[in-house]
Structure formats: structure tokens, C-alpha cells
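Notes for the one structure printed next.
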Amino acid sequence: MQEFTQLANTLADKAGQIVRRYYRAPFDVESKEDTSPVTIADREVEQVLREIIEKQRPEDGIIGEEFGTKESQNGLTWVLDPIDGTKPFITGRPTFGTLIALCEEDKPILGVIDQAIINDRWIGAKGQTTIHNGDEVKTRSCKNLQASIGSSTSPMMFKDQGFDFITNWREKCQFIVWGGDCITYGLLANGNLDVIIEAEMKIYDYLAHVAIVEGAGGKMCDWHGEPLTLQSDHHVIALGDASLWGEVSELLK
């Protein structure tokens, strides 16, 4: 695991160098087939990270948001989101981050959230306590939903559930913070948030968070309570206190 962690840190360092070069600088924005935006920074970061992995660990697989899948030859697969939160990046808001996950077979065993502008980095590894900027962190105790602080990227994630779902969630917790993207998962690991509920996600949007949240004492799962893997769908939950799952599962019904 130490070897993997060292490589993940190297990848995050290199991504940060590229991100800082483009942050709040003029660049073109393109639209992908799904209409989501992409920039030269997204592509350059992923290309460089893939080159490093392929040079140091040529048998490992790679799944990236921008350049697809390289099949694993040894059961290990890196999952990369070069800039998670491209819209905040485009608009100069430092809530985006580079996400790096490592999966053994289909289960995440390592994750990094790196925010290069404000120098925030979370590292989680299976069997180890999550580290934020060199210090161990823990989620906080929160035994009931009424006492919880929630977070999600956008209300539009829940258009299939309808706005009644959002109203119901809001009425059952202290308050909900919208926006924040990947950084909110690190903040949950730090004990600043209690519940994250999201939809319309892809595996490179959330697999890096699993080892970070769980290494801090929390729980991550899909909307059915199942562990998140390379085969999971687009529904994601993060809980600082696993005892909240009962109330959250009822909320989702």
C-alpha cells in the first residue's frame, strides 16, 4: 500500500502543477457528447497521469473520464477524474479537485482528493486512517438525521425524484449545503458534514472518496446500501456516522 500511496501522491503533485497553470487563465471550453464541458486542462492532466502510471506500472488498468479504459492485466485499476468539477474550474471557484482511485479487482482500496489551489489533499487507503494535509481525520458522531448537516452538488441531480424529495430531506435535517463538488467528501471525512446524497454520478466521480470516507470512520454506499465498486450505478451516499443509514434509507423511499 505504501508504494501505491507514494505513486498516488506523485500523480496528485503532477496534476496540481498543470491545474495551477490553467486556473483563471483564458482557455477554450468544449462540449462533450453528453453536453458536459471539458477543457484543455482536463485532457492534459489525464494524459500526463496515464503516462506516469503506464511507465511505472504497465500491467495496471486505467479508467479515465477523458480517454477511456485500458484493461488491467493484474487485477489493479486506477480510476482518474482529472478535474472533478469542471464548471467550478471554468468559473474560477476552487471547489473542484483531481480524483485518483485504485481498485483491486472491482473494489476501491485507495483514494485521493486533491485541491491544488488551496492546497487541500485527502488520502485514504484500505486499513489505514485517512490523512488530510498530513493529519489524521475522523468523521463526527451524528445519531439522527434531524441533527445532521447535508450536502449535494446540485438540486438538479434529483430531477427524477422530484423536488418533493429535496423538501422532505430539508425538513428532516438541520440544513443542506449545495455545491462543493468533491471537496464535500473530504469535509465529511473531517467531521464538518454528516450526509451526502447524490445522483447522476459516474465511477470516476466517487470511487476515490470511498477509502477516504471509510478510513475516517464513515460509510459509503449506493442508494440500496450496497458497497461502491467499478460496477456500481450513479446513485451515491456518504455518511459520517453509519448509524444514519436507517433514516436515510427511509428518506430515499
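The values are calculated or read from the model by the stated rules, or taken from the named source; none is laboratory data. Owing to the predicted nature of the structure, the values given are computational and were not obtained by experimental measurement. Every residue, glycine among them, receives a Cβ derived from its backbone with ideal geometry; neighbour counts consider all protein chains shown.
Looking only at strands (runs of 3 or more DSSP E) that lie completely in region 95-179, which have at least 3 residues being among the hydrophobic types (A, V, I, L, M, F, W, C)?
Because the criterion is at least 3 residues that are among the hydrophobic types (A, V, I, L, M, F, W, C), the strands (runs of 3 or more DSSP E) in region 95-179 that meet it are 97-104, 107-115, 120-125, 175-178.
Quick check on my filter: what residues within region 235-253 are touching a Cys at 6+ places or on another chain (Cβ under 7 Å) and among the aliphatic types (A, V, I, L, M)? Explain how you work it out, then say what you get.
So the first thing to find is which residues in region 235-253 are touching a Cys at 6+ places or on another chain (Cβ under 7 Å), and the list is 237, 240-241, 244.
Ile237, Leu244, listed by residue number.
Quick one: in region 171-184, of everything that is more than 11 Å from Ser152 (Cβ to Cβ) and either in contact (Cβ under 8 Å) with a residue 12 or more places away in the chain or in contact with a Gly (Cβ under 6 Å, 6 or more places away or on another chain) (or both), which residue is surrounded by the fewest Cβ atoms within 10 Å (Cβ to Cβ)? Spell out the reasoning first.
Restricting attention to region 171-184, the residues satisfying the condition of being more than 11 Å from Ser152 (Cβ to Cβ) are 171-175, 182-183.
Those left that are additionally either in contact (Cβ under 8 Å) with a residue 12 or more places away in the chain or in contact with a Gly (Cβ under 6 Å, 6 or more places away or on another chain) (or both): 172-175, 182-183.
Working: Lys172: 17, Cys173: 21, Gln174: 13, Phe175: 9, Cys182: 26, Ile183: 22.
Restricting to residues being more than 11 Å from Ser152 (Cβ to Cβ) and either in contact (Cβ under 8 Å) with a residue 12 or more places away in the chain or in contact with a Gly (Cβ under 6 Å, 6 or more places away or on another chain) (or both), the top hit is Phe175.
Six or more apart or on different chains, Cβ under 9 Å: which pairs go from a residue in region 215-234 that's touching a residue at least 12 places away in the same chain (Cβ under 8 Å) and of a type in the set (A, V, I, L, M) to one that's assigned to a loop (DSSP other than H, G, I, E, B) and buried (at least 17 other Cβ atoms within 10 Å of the Cβ)? Could you list them?
Within 9 Å, the pairs are Ala216/Thr130; Ala216/Val137; Ala216/Thr139; Ala216/Gly191; Ala216/Gly240; Met220/Leu228; Leu228/Asp222.
If you scan region 27-84, which residues turn out to be over 15 Å from Ala15 (Cβ atoms) and among the basic types (Lys, Arg)?
Lys32, Lys55, Arg57, Lys70
Could you tell me which numbered condition Tyr204 fails, if it satisfies all but one of (1) of a type in the set (Ser, Thr, Tyr); (2) closer than 18 Å to Arg121 by Cα; (3) at pLDDT below 95?
Tyr204 satisfies every listed condition except (3).
If I filter region 27-44 down to residues being under 20 Å from the mean Cα position of the chain (by Cα) and among the aliphatic types (A, V, I, L, M), which single residue comes out as surrounded by the fewest Cβ atoms within 10 Å (Cβ to Cβ)?
Per the criteria, the residue is Val38.
Before we move on, is Ile237 surrounded by 21 or more Cβ atoms within 10 Å (Cβ to Cβ) and in a strand (DSSP E or B)?
Yes: the conditions hold for Ile237.
Kindly indicate which of Gly218, Gly191, Gly134 is crowded, with 20+ Cβ neighbours inside 10 Å and either of a type in the set (Asp, Glu) or modelled with pLDDT of 95 or more (or both).
Gly218
I'd like the full set of residues that are hydrophobic (A, V, I, L, M, F, W, C), closer than 20 Å to Leu110 by Cα and part of a loop (DSSP other than H, G, I, E, B), limited to region 211-234.
Ala216, Leu228, Leu230
Name the residues in region 1-26 that are of a type in the set (Gly, Ala, Ser) and surrounded by 12 or more Cβ atoms within 10 Å (Cβ to Cβ), would you?
At the first step, the residues of region 1-26 found to be of a type in the set (Gly, Ala, Ser) are 8, 12, 15-16, 25.
Of everything in region 1-26, those that are of a type in the set (Gly, Ala, Ser) and surrounded by 12 or more Cβ atoms within 10 Å (Cβ to Cβ) turn out to be Ala8, Ala12, Ala15, Gly16.
Does Ser141 qualify as being surrounded by fewer than 21 Cβ atoms within 10 Å (Cβ to Cβ), at pLDDT below 95 and either over 15 Å from Glu214 (Cβ atoms) or in the same structural domain as Gly186 (by TED's automatic domain parsing) (or both)?
Values: surrounded by fewer than 21 Cβ atoms within 10 Å (Cβ to Cβ): yes; at pLDDT below 95: no; either over 15 Å from Glu214 (Cβ atoms) or in the same structural domain as Gly186 (by TED's automatic domain parsing) (or both): yes.
No; evaluated as a whole, the condition is false for this residue.
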